[in-house]
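The values are calculated or read from the model by the stated rules, or taken from the named source; none is laboratory data. Quick caveat, the model's predicted, so the values are computed rather than measured. As a convention, Cβ positions derive from the backbone with ideal geometry for all residues, glycine included, and neighbour counts pool all protein chains shown. Please note that ligands, DNA and RNA were not included when accessible areas were found on the heavy atoms of the full protein model with its side chains. Shrake-Rupley method; radii C 1.70, N 1.55, O 1.52, S 1.80 Å.
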Amino acid sequence: MELTLSIPALLFPAISLTMLAYNARYLAIAALIRQLHQKYKETESESVGLQVKKLSKRLTIIKNMQAAAIFSFLLAVITMALIYVDIPFWANVIFGASLLALMISLVLSLIEVQLSTKALSIQLKDIE
């Protein structure tokens, strides 16, 4: 299959929307950490401290998700440049790396969603 400019260009909206979703998750968790940190300073509750640590882990995962998505985006742009200057072998290699980076980002997203769901299910059990 011949790699054309339109193929890596198809990744642009997908990666952009993915990064937007990741950024929304990051901002929501950052706000929650700030709230819990203030609560921890007031109460010095061990459970609040543990929640902040778990959220910090999720924040690290989200940071890595964003980094992988940005790297994928950058590689897609490099692929387009290589296609433009007619270097098909390296364009294919870099495009493959771009897809791999996007897959890594999505796997990290899945892990983060699983952690989030697990944390919410624990909270829901407390309510029941």
For segment 1-93, the dipole about the Cα centre with charges only on Cβ (Lys and Arg +1, Asp and Glu -1), to the nearest 20 debye, works out at 560
26 Å Cα-Cα reach of LYS63 towards lysines, excluding residues that sit fewer than 8 places from it in its own chain:
LYS39, LYS41, LYS53, LYS54, LYS118
Counting only protein heavy atoms and using a 1.4 Å probe, what share of the accessible area of the chain belongs to carbon plus sulfur, as a whole percent?
68
Theoretical gain in end-to-end length, ILE111 to PHE12 [0.36 nm per residue, Cα-Cα removed]:
33.3 nm
Among GluC sites (Glu not before Pro) in segment 1-107, those in a DSSP loop whose Cβ has at most 16 other Cβ atoms within 10 Å are GLU2, GLU44
Given the -39500 (n - 2.57) contribution per DSSP H run of 4+ residues, what per-residue ellipticity at 222 nm results for the chain, rounded to the nearest 500 deg cm²/dmol?
-32500 deg cm²/dmol
Over the chain, volume per residue of the alpha carbon convex hull, in Å³
104
Considering only protein heavy atoms, what per residue accessible area in square angstrom results for the chain with a 1.4 angstrom probe?
68
Stick to the Cα atoms of segment 72-128, pair each with every other, and give me the Kirkwood hydrodynamic radius in Å at one decimal.
13.5
Which residue, ILE62, ALA24, SER121, has the largest displacement toward the positive end of the dipole of the chain when charges sit on each Cβ (Lys, Arg +1; Asp, Glu -1)?
SER121
With every protein chain present, what accessible area does THR43 have (1.4 Å probe, heavy atoms only), rounded to the nearest 10 Å²?
80
Taking Cα centroids, how far is segment 63-128 from segment 1-22 in Å?
11
